[in-house]
Every structure is written in C-alpha cells, then in structure tokens.
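See below for the structure under consideration.
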C-alpha cells in the first residue's frame, strides 16, 4: 500500500499519526511536505491534515470530522449538532465545537470552527456507521442551544430547529439540566420546549420538574424583552412581542 492510499484511509490525521506510520520523524515530515506540494493532502490547521480526493479536488474529511479531531476531547455541539441531526434547514458556515481543552477559533475553506468552552463530555457519543465523529446527543444539543441561543445562532433559528426536534429523552434532559444546575435555564428550557410539546412528546411531569427547579424571580427570555415584552404568567418570564408573534405563527403552522 502506498503512502497516499494509507493516509486516505485515515480520512483525517495528525503529524503524530504520520510519524507512527513511518516510524521516523524526519521521514514523516518529508512525506507531509511532499504530499502537500503535490496537492495530495491539505493542512487544515497545525498538526491536522486530510487527503485530497482526486475525483473532486476536495478533502475526504467532512466538517464534522474536522471539528471532532481538533483536540482529543473536541466534539460537535450546539446548533451544529442539531444541523447534523437534520434539524436545521439552513447550512451554516460556522461549526460550533466544544472541547475540554481550549483551541483558537480558525477558518478552513470558508468554514469557521468556533471554540465553545465546556467542562464535561457527558452526553457525547460517536454515532454508529460513522468514522471519527464525536457529537453531543440530541438532548444535550437542545439544552446547549437554548442556553447560548443569543450568543450563537439567534433565538428564531433555535426555535425553528426545535419545532422539528421530534421525541426527546426525558431522563437525558433532566440529567444535563441538573448538571448545569442553573435556575433560569430550567425556566427557559421548560418554556421553550412546552411550545413544541406535541412534537417532542414530553410528559407533563417534565415541565413540572422544570418549574420546581426554577426560581420565583421574573426573568427575560432574551435581552430584547427588556425593551418591549409580554409577561408569561405560567413560566414567570417576559418574552418580546416580536418573538411571541413568531412563536404563535410558527406554532399555528404545526
């Protein structure tokens, strides 16, 4: 088996992988330089490469494989995970990647790989029939997206994703909510998921659980609600009028 064939089977690889393959550091670096010069591999970032498919002139690695390989603990998360699960109709040029170790956000071939800090890899898995993809499961992805919705995708995009989220696992939702242990997050998650109760099939006791864990303080669902919003008595929060219009219009369609 020649060098290119061997490396192409790895899909995505590090300098360390090449050194172990060639069993010589100098030979490994020479091989990397030669293959880059011949446009047979591309350097994604320091210490990360993928072979170029000669039929398409694109690298073999997908954006999900790249994100999962940035560090030993990196995984696809937030709305990028929802996109992977087929819940986002718009393909984004950003990939949100959580990692226990920090890396610098970078761009490769028009896609930005955005670092998202985390201190746990709970509810992260490697999907069956895939290679070198690590991703937060659906329930964690939903909660992370709601938690960071104003910083990442925007509220309306998150709500659009959740409107087609399908059945969610109650115990996983509770587990990750309890891990975060943020009173206002229980409230936001409970309120937003209650909007799509018919789709996600969550039982009434889940929403009661969220209410019990929430604070009695009135909060704003988003920062914009401080300017002009409507009070939701059930969840004791204030939602912008524009967002309520969006929610009602979207919900009527379902």
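Throughout, read-outs are computed from the coordinates displayed, never taken from laboratory work. It should be emphasised that the depicted structure is a prediction, and the values quoted were computed from it without experimental measurement.
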Give the share of C-alpha pairs in each 10 angstrom bin for the chain, from 0 to the last occupied bin, in whole percents, shortest bins first.
7, 27, 29, 18, 11, 7, 1
Evaluate the relative contact order of the chain (contact order divided by residue number), counting alpha-carbon pairs under 8 angstrom at least 6 apart; express in whole percent.
11 percent
Kirkwood hydrodynamic radius (C-alpha pairs) into Stokes-Einstein, region 81-131, 20 °C and 1.002 mPa s, D in µm²/s:
169 µm²/s
Value of relative contact order over region 3-59, rounded to a whole percent, pairs C-alpha under 8 Å and six or more apart:
36 percent
Out of 241, 104, 181, any idea which swings most in a Gaussian network model of the chain, alpha carbons joined below 10 Å?
104
Can you tell me how region 23-154 classifies by the Cα gyration tensor, rounded, prolate or oblate, using a/c under 1.5 as the rounded cut?
prolate
Only helical DSSP H runs with n ≥ 4 go in: add -39500 (n - 2.57) per run for the chain, normalise by residue count and round the 222 nm mean residue ellipticity to 500 deg cm²/dmol.
-12500 deg cm²/dmol
Among 180, 242, 24, which one shows the highest mean-square fluctuation when the chain is modelled as a Gaussian network with alpha-carbon springs under 10 Å?
24
Comparing 56, 218, 120 in a Gaussian network model of the chain (Cα, 10 Å), the one with the largest mean-square fluctuation is 56
Sort region 53-121 into rounded, prolate or oblate with this rule: let a ≥ b ≥ c be the square roots of the eigenvalues of the Cα gyration tensor; rounded if a/c is under 1.5, and if a/c is not under 1.5, prolate when a/b is larger than b/c, oblate otherwise.
oblate
May I have the convex hull volume per residue, in Å³, for the Cα set of region 132-181?
101 Å³
Over the alpha-carbon set of region 3-59, work out the extent along each principal axis and list the three values in angstrom, largest first.
31, 20, 20
Acute angle (nearest 10 degrees) that the helix 183-194 long axis makes with the longest principal axis of the chain, alpha-carbon atoms
90 degrees
